[in-house]
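Participant: My questions will all concern the structure given below.
The values are calculated or read from the model by the stated rules, or taken from the named source; none is laboratory data. Quantities reported herein were computed from a predicted structural model and do not represent experimental measurements. Cβ placement follows ideal geometry from the backbone for every residue including glycine, while neighbour counts extend to all protein chains displayed.
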Amino acid sequence: MSVLQLQRRQVATIAGKEFWDRIRSLWVLAIALVFTVFALVIAYFGGAQQGLVGFRSMEFTIASLVSLVIYLIPLIALVLGFDAIVGERERGSLDLLLSMPITRFELLLGKYLGLAAALAFSTVAGFGLVAVVLASHLNLSGLAHYGLFMASSVLLGLAFLSLAVSVSVFASDRTRASGLAIALWFFFVLMFDLILLGVLVVGGGNTGGEWFAYLLLLNPADVFRVLNIASLDEVGALYGLATVFPRELANPWLLCAVLLAWSVLPLSLAAWRFRR
Amino acid sequence: MAKSTPAVADRAAPRALVEVRDASKHYGAVHALDGVTLDIAPGEVFGLIGHNGAGKSTLFKMMMGLIAPSRGEILIDGVAVTGDDFREVRRRIGYLPENVVFYDNLNALETLHFFAKLKGVSHSDNRALLERVGLGAAATRRIREYSKGMRQRLGFAQALLGEPRLLFLDEPTNGLDPDGIREFYGILAELRAAGATIVLTSHILAEIQQRVDRLAIIAAGKLRAVGALSALRSEADLPLWFDVDCEAAARPAVRAALASVTVTVHDAPAGLRVECARQHKLAVLAVLGSQAAALRDFHVREASLEDLFFGLSS
């Protein structure tokens, strides 16, 4: 039905409202500040446990940022998007929206794109400011790695936002949607790796090998981690996972594509569910 | 009593603007709407009457293509509301949902701007539109600060975006104060004069009975009657009665005179209550006229649409 006759103006109207709502409520500013402050603290005090204070290297800063962002961005994205549709439904404004000359797919896509723009904007602005502050420490390779880190952070956000918006379609009310969003965060951010490790240990290491690496692609948070760690030769050795990761899978383009797929698939599922 | 399958008085020489054919909505065993068929002609003001939960809003949502019928179909301007072509038709329809909800963080102008853009209609005259519904002074106030009545006025303004030729107004005076109700019907009269087709619902019958061309009575998901008020009245043949005000001493004489017509006479505090069938009204009047000297006053009481509604709905 709708996908073929998508009206961009309708999508842009919905997306614009979502984006400007987040700008006006200072949501974008607050999140950007959180990113900036955390990143600067990590950059300058990340080595404090080893008795070192002050900036060490971009690679170690990125490595520390990755461990932080992997918790923070999924949480922020899920909180941002979990009530996109169910919130309108519960507030009672969904019927009026759908009575407009707009298809359900256009509404869903507009919501997603508007929220995605707000999240991407905060991420780029927050971490971008850090890059400006650290400019004197950055060489070309550091800049490239930091650029990849920022881009992958945006992609990680988009992937979890896609999950969040699909939660907002499937859940029957806001309470359930928030529960489901938290459950997803627990599963992908906390449980997934533990389960994989458990399987490895139970299997006595014999079950390892190539397919284990492929299983990591099933979790956008792991894809994000591998994408950043694999690109950092200096710290790669610190992470056992990254070293067992097969070279052909460590291709950053491939991993970015996997993250992109993670932002498309849940949304497509949501669109299918929401069509009537 | 009216028949349960209403004889739709089809004045439709041109094609009906809204055609509802056997529309039904079942949620499991619950029949929210059951086999509703009706036509609404261009330029007509059509009232849909029923208790809360009778199925009015379900029918409205179905007419806007918001919920798919379990059975039957609805055409507006010849276009099925469930089809892809209905998107263009929606541009020309104004819809005020029951208990309309807007975004608290926007003001009235921003709200109209947003919906005008979605609707793809001009938004240059939104301020005039807000003046028209009495929100001119509150145009830049956040909806968060709006009262229920103000939200309803804004909902009406939203429905008027793009000067629609067809309006669906679900409980439009809900939450309005008496001034608001009067102003609302003033605007409705202007729209009607300009040739718009208006469908509105209410559970307050007295409020809309003088303002609609035809009405439909809906109860428990079924259409009980459709037609003009006068047609429904005569079809239902509800009783009428005379409250006769006379001296106690004059009562026997009046009673005796009334014995010549088919009536039921009761004693009432101020005199007599005389009940009769509609066809005997003039005969009773003639008798009372002949007894004029014995009477202080009398009033003719007829069943209202309210009585009719409750009679048909129960």
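Participant: Is there a residue being within 24 Å of residue B:230 (Cα to Cα), more than 14 Å from chain A (Cβ to nearest Cβ), within 16 Å of the chain's Cα centre (by Cα) and charged (D, E, K, R) anywhere in the range B:156-176?
Facilitator: The answer is no; no qualifying residue exists.
Participant: Return the pairs, sorted by first residue and then second, in which the second residue is surrounded by 22 or more Cβ atoms within 10 Å (Cβ to Cβ) and among the charged types (D, E, K, R), the first residue lies in the range B:46-62 and is within 12 Å of another protein chain (Cβ to nearest Cβ), the beta carbons are less than 8 Å apart, and the residues are 6+ apart or on different chains.
Facilitator: B:57/B:170; B:58/B:25; B:60/B:170; B:61/A:95; B:62/B:25
Participant: All but one of (1) crowded, with 23+ Cβ neighbours inside 10 Å; (2) at pLDDT below 95; (3) under 24 Å from the mean Cα position of the chain (by Cα); (4) within 9 Å of another protein chain (Cβ to nearest Cβ) hold for residue B:99; state the number of the condition that does not hold.
Facilitator: Here residue B:99 meets the rest and fails (1).
Participant: Out of all the residues in the range B:106-125, which are at pLDDT below 95 and polar (S, T, N, Q)?
Facilitator: Listed by number, the residues that qualify are B:122, B:124.
Participant: Restricting attention to the range B:66-97, report how many residues are closer than 18 Å to residue B:27 by Cβ and part of a loop (DSSP other than H, G, I, E, B).
Facilitator: So the answer is 6.
Participant: While we're on this one: Which one of the conditions (1) over 21 Å from residue B:194 (Cβ atoms); (2) charged (D, E, K, R); (3) away from every other protein chain (no Cβ under 14 Å); (4) buried (at least 18 other Cβ atoms within 10 Å of the Cβ) does residue B:153 fail to meet, given that it meets all the rest?
Facilitator: Against the list (1) over 21 Å from residue B:194 (Cβ atoms); (2) charged (D, E, K, R); (3) away from every other protein chain (no Cβ under 14 Å); (4) buried (at least 18 other Cβ atoms within 10 Å of the Cβ), residue B:153 comes up short only on (1).
Participant: Now, a different point. As an exercise: evaluate residue B:237 against (1) surrounded by 15 or more Cβ atoms within 10 Å (Cβ to Cβ); (2) modelled with pLDDT under 85 and give the number of the one condition it does not meet.
Facilitator: Failed condition: (1).
Participant: Scan (1) surrounded by fewer than 16 Cβ atoms within 10 Å (Cβ to Cβ); (2) at pLDDT below 95; (3) away from chain B (no Cβ under 11 Å) for the single condition residue A:91 breaks and write down its number.
Facilitator: With (1) surrounded by fewer than 16 Cβ atoms within 10 Å (Cβ to Cβ); (2) at pLDDT below 95; (3) away from chain B (no Cβ under 11 Å) applied to residue A:91, the lone miss is (3).
Participant: Would you tally the residues in the range A:45-76 being out of contact with any Gly (no Cβ under 6 Å at 6 or more places or on another chain) and not in a loop (DSSP other than H, G, I, E, B)?
Facilitator: Total meeting the criteria: 20.
Participant: Answer yes if at least one residue in the range B:191-211 is part of a strand (DSSP E or B) and modelled with pLDDT under 85, and no otherwise.
Facilitator: No: zero hits.
Participant: Something else: Can you find a residue in the range B:102-117 that is buried (at least 21 other Cβ atoms within 10 Å of the Cβ), in contact with a Ser or Thr (Cβ under 6 Å, 6 or more places away or on another chain) and facing another protein chain (nearest Cβ under 9 Å)?
Facilitator: yes
Participant: Next up: What is the one condition in (1) closer than 27 Å to residue B:135 by Cα; (2) within 14 Å of another protein chain (Cβ to nearest Cβ); (3) out of contact with any strand residue (DSSP E or B) (no Cβ under 7 Å at 6 or more places or on another chain) that residue B:92 does not satisfy?
Facilitator: Here residue B:92 clears every test but (3).
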